[in-house]
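The structure appears right after this line, and notes come after that.
The values are calculated or read from the model by the stated rules, or taken from the named source; none is laboratory data. Here the structure is a predicted model, which is why all the values come from computation and not from measurement. Glycine gets a Cβ as well: all are built from the backbone with ideal geometry, and neighbour counts include every protein chain shown.
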Ligand SMILES: NC(=O)c1ccc[n+]([C@@H]2O[C@H](COP(=O)([O-])OP(=O)(O)OC[C@H]3O[C@@H](n4cnc5c(N)ncnc54)[C@H](OP(=O)(O)O)[C@@H]3O)[C@@H](O)[C@H]2O)c1
């Protein structure tokens, strides 16, 4: 193959994902060349510490600590950003696009916050930016949304897109572990970081949902638009009651397009135990998308890991390489350009059924007081179950399931019920989906 068939790649980052990408580029060179229509040549690899021991062998001189050796190199046509985080990755991506280089990234922080602007910048410079691996690791999502589902109006996304929390919730549900013990197991297994806040508080899922919703609805959804509640308040009792009522508890990222507005939220939900999403266990991810023509489709697989994530990154590299070899890229295809600015609904406007678990005084008339507070706010009760009564403290645990109600009213009701002397504690309230 002649020298002009070379496609120079600058890899920024050689960590978990970068190593997987380098391994695939080096070990599968023959196959990738056929698919890309040119030889993919790893020209430079940016790292923070050039002396670090690496799991992949790199040719001498390939590693650099100087980003300009990639961003300003005339031999590099595709910059693959796998450093992660916002700073300096966002600046490197911007610089690469301005220098007329295509970009492939797995960076959810950058794409969730600045995706629409970077897509526009790429368009202005006649290049592409692809970011399939930023959501769901190796699971194809953004390309199917853009191509295979292009004929659909997407009405909803319900997704398990954080493997760490799904692992913890699976342990709590199946083994009856407390949140803290399940988290410790996840850390011991290498599924949770030493500081797990971004995962367990739902922020990681919110960033991914921002990317997915923006792509699905072609309207800018920022992480700051997304209501976000993590899993730290869930107790063993919630799992026991949920199971008894025929539900599982999952952390779902939900986005829906309703009349003139978008709903976007991440929080624990009770979902019927026979739903496919309820059966997704461990670190696996699953994303259910609903379109007006296709109905419901479900994408399932590994949402993280070196090689699964590299699978998506390398596929993006091949797609970009093909477009370099083919005719000049057309203006952005539908599904990537943000066409609308549909407002995102505040959580208080949500209408949902609720599960309430509370500790009350074990005496006559208490339920009537609670029903009164709920009834005053048009919240109707679907069922009440009285659980354990404690003869020593004269208290009892009750679980109330409501019919769909407005979140604003439920919030008022919770505040009012907390003031009742007979309510000892409102232990949890969880939205019900499905
Ligand atoms: N890990 C996954 O399973 C997964 C899944 C989906 C998406 N992603 C995304 O993929 C990206 C990479 O994640 P990762 O897990 O591979 O990260 P990682 O293991 O921490 O690797 C980061 C790499 O970037 C280099 N680096 C960090 N800061 C740098 C700087 N200022 N200048 C130059 N190089 C720098 C590091 O160099 P040294 O090696 O010298 O320290 C390292 O090679 C992130 O955006 C992440 O969100 C990861």
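Consider only pairs whose beta carbons are under 6 Å apart and that are at least six residues apart or on different chains; among these, list those whose first residue lies in the stretch 49-61 and is free of Cβ contacts under 8 Å to residues at least 24 places away in the same chain and whose second residue is assigned to a loop (DSSP other than H, G, I, E, B).
From the stretch 49-61, the pairs are 50/65.
Checking residue 282 against (1) within 16 Å of the ligand (Cβ to nearest atom); (2) assigned to a strand (DSSP E or B); (3) closer than 23 Å to residue 187 by Cα, which test does it fail?
Exception for residue 282: condition (2).
In the set 211, 231, which member is in a loop (DSSP other than H, G, I, E, B) and surrounded by 19 or more Cβ atoms within 10 Å (Cβ to Cβ)?
On the way: 211 fails: in a loop (DSSP other than H, G, I, E, B).
None of the others qualify; the one that does is 231.
Could you tell me whether any residue of the stretch 69-89 is at negative phi, modelled with pLDDT under 95 and either more than 8 Å from the ligand (Cβ to nearest atom) or crowded, with 16+ Cβ neighbours inside 10 Å (or both)?
Step one: of the stretch 69-89, the residues at negative phi are 69-83, 86-89.
Add one more test, that the residue is modelled with pLDDT under 95, and what stays is none.
No, there is no match, as no residue in the stretch 69-89 is at negative phi, modelled with pLDDT under 95 and either more than 8 Å from the ligand (Cβ to nearest atom) or crowded, with 16+ Cβ neighbours inside 10 Å (or both).
Does residue 174 satisfy the criteria of being surrounded by fewer than 19 Cβ atoms within 10 Å (Cβ to Cβ) and touching a residue at least 40 places away in the same chain (Cβ under 8 Å)?
Values: surrounded by fewer than 19 Cβ atoms within 10 Å (Cβ to Cβ): yes; touching a residue at least 40 places away in the same chain (Cβ under 8 Å): yes.
Here the answer is yes, as residue 174 does meet what is asked.
In the set 334, 315, which member is outside the structural domain of residue 171 (by TED's automatic domain parsing) and modelled with pLDDT of 95 or more?
Numbers: 334 fails: modelled with pLDDT of 95 or more.
Going through 334, 315 in turn, just one is outside the structural domain of residue 171 (by TED's automatic domain parsing) and modelled with pLDDT of 95 or more: 315.
Out of the residues in the stretch 1-29 meeting the condition of being within 12 Å of the ligand (Cβ to nearest atom) and part of a helix (DSSP H, G or I), tell me which one is surrounded by the fewest Cβ atoms within 10 Å (Cβ to Cβ).
Among them, the one singled out is 16.
For residue 32, which of the numbered conditions (1) over 22 Å from residue 97 (Cα atoms); (2) surrounded by 17 or more Cβ atoms within 10 Å (Cβ to Cβ); (3) within 15 Å of the ligand (Cβ to nearest atom) fails to hold?
Every listed condition holds for residue 32 apart from (3).
Any idea how many residues of the stretch 245-259 are modelled with pLDDT of 95 or more and more than 20 Å from residue 230 (Cβ to Cβ)?
Quick first cut of the stretch 245-259, residues modelled with pLDDT of 95 or more only: 245-257.
Imposing the further condition that a residue be more than 20 Å from residue 230 (Cβ to Cβ) reduces the set to 245-246, 256-257.
Counting residues in the stretch 245-259 that are modelled with pLDDT of 95 or more and more than 20 Å from residue 230 (Cβ to Cβ) gives 4.
Which of the residues that make up the stretch 35-52 are within 10 Å of the ligand (Cβ to nearest atom) and either more than 30 Å from the chain's Cα centre (by Cα) or surrounded by fewer than 17 Cβ atoms within 10 Å (Cβ to Cβ) (or both)?
Applying the first criterion (within 10 Å of the ligand (Cβ to nearest atom)) to the stretch 35-52 yields 45-52.
Once the filter is applied, which keeps residues that are within 10 Å of the ligand (Cβ to nearest atom) and either more than 30 Å from the chain's Cα centre (by Cα) or surrounded by fewer than 17 Cβ atoms within 10 Å (Cβ to Cβ) (or both), the stretch 35-52 yields 48, 49, 50, 51, 52.
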